[in-house]
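Structure record follows, encoded as structure tokens.
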Amino acid sequence: MIINAVEAIVLGLVQGLTEFLPVSSSGHLVITQALFGITEDVLVFDIFVHVGTLIAVFVAFRKDILALLRKPFCRFTALIIIGCIPTALMGFFLNDFFSALFSSLLTVAFALIVTGILLYISDRLNGTKTINEMKFSDALIIGFFQGCAITPGLSRSGSTIFGALLCGLKRSCFISPSICPSISAAGVSSS
């Protein structure tokens with residue numbers, strides 16, 4: 001079965017509307033595909049809708065990205081790279097495991113419940129650390145939570161926010177319309 005235009009539009013809307021909320025866009029795509037009766041692997045389509053999201057991120061955070069590119073060897077960039085390592089390793093070594101999860105609505109349902117629990121706990125946490133006080137071990141822990149969010153239904157943003165709060169970071173470090181204050185605090189300001 002090939003995805004028709006209506007299904008593609010609806011799936012694109014689901015991706016676009018859920019990506020920036022802590023509700024797991026991947027989980028919602030799996031559920032929507034099941035509602036449409038799409039049973040075959042649509043990984044290429046899912047990649048394309050995520051590319052659209054990536055373009056939106058680049059547009060929205062272009063100033064922050066440019067600030068990082070101007071000073072690529074700063075501590076903040078190192079923290080970002082270290083935070084990506086657990087996710088990369090999990091994706092590489094556990095690819096078959098995570099791929100199988102995308103065909104299980106039960107897994108998605110369970111992961112959505114876990115997301116709700118993480119968000120509930122996150123709402124009650126607030127640390128004292130700034131980005132400047134963040135350790136490389138904190139970046140690894142946050143990266144681990146982001147890696148776990150490869151699981152459909154487990155929110156990437158919700159998991160990473162939970163990990164950051166668990167490491168003792170202040171909410172103001174990551175809940176703002178722009179990460180510019182965080183970048184400036186980490187010594188990456190372009191001025």
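A few notes on this one:
- Residue ID - surrounded by the fewest Cβ atoms within 10 Å (Cβ to Cβ), chosen from residues in the stretch 119-154 that are over 12 Å from the mean Cα position of the chain (by Cα) and small (Gly, Ala, Ser): Ser137
- Residues (in a helix (DSSP H, G or I) and open to solvent by 50 Å² or more (accessible area, probe 1.4 Å)) located in the stretch 162-172: Leu166, Arg171, Ser172
- The condition (being within 24 Å of Thr151 (Cβ to Cβ), open to solvent by 70 Å² or more (accessible area, probe 1.4 Å) and either in contact with a strand residue (DSSP E or B) (Cβ under 8 Å, 6 or more places away or on another chain) or of a type outside the set (S, T, N, Q) (or both)) is satisfied by just one residue among Ile47, Ile55, Ile31, Ile3: Ile47.
- Any hit, the stretch 151-159, residues being modelled with pLDDT of 90 or more and among the hydrophobic types (A, V, I, L, M, F, W, C): yes
- The test for being exposed (fewer than 14 other Cβ atoms within 10 Å of the Cβ), touching a residue at least 12 places away in the same chain (Cβ under 8 Å) and of a type in the set (D, E, K, R) does not hold for Arg75.
- The helices (runs of 4 or more DSSP H) found entirely in the stretch 44-136 that carry 1 or more residues being closer than 23 Å to Phe162 by Cβ and modelled with pLDDT of 85 or more are 75-93, 95-101, 105-122.
The values are calculated or read from the model by the stated rules, or taken from the named source; none is laboratory data. Bear in mind that the values here come from a model prediction, so they are computed numbers and not experimental data. Note: ideal-geometry Cβ built from the backbone for every residue, glycine included; neighbour counts use all protein chains shown. Only protein heavy atoms, including side chains, enter the accessible area calculation; ligands, DNA and RNA are left aside. Shrake-Rupley method; radii C 1.70, N 1.55, O 1.52, S 1.80 Å.
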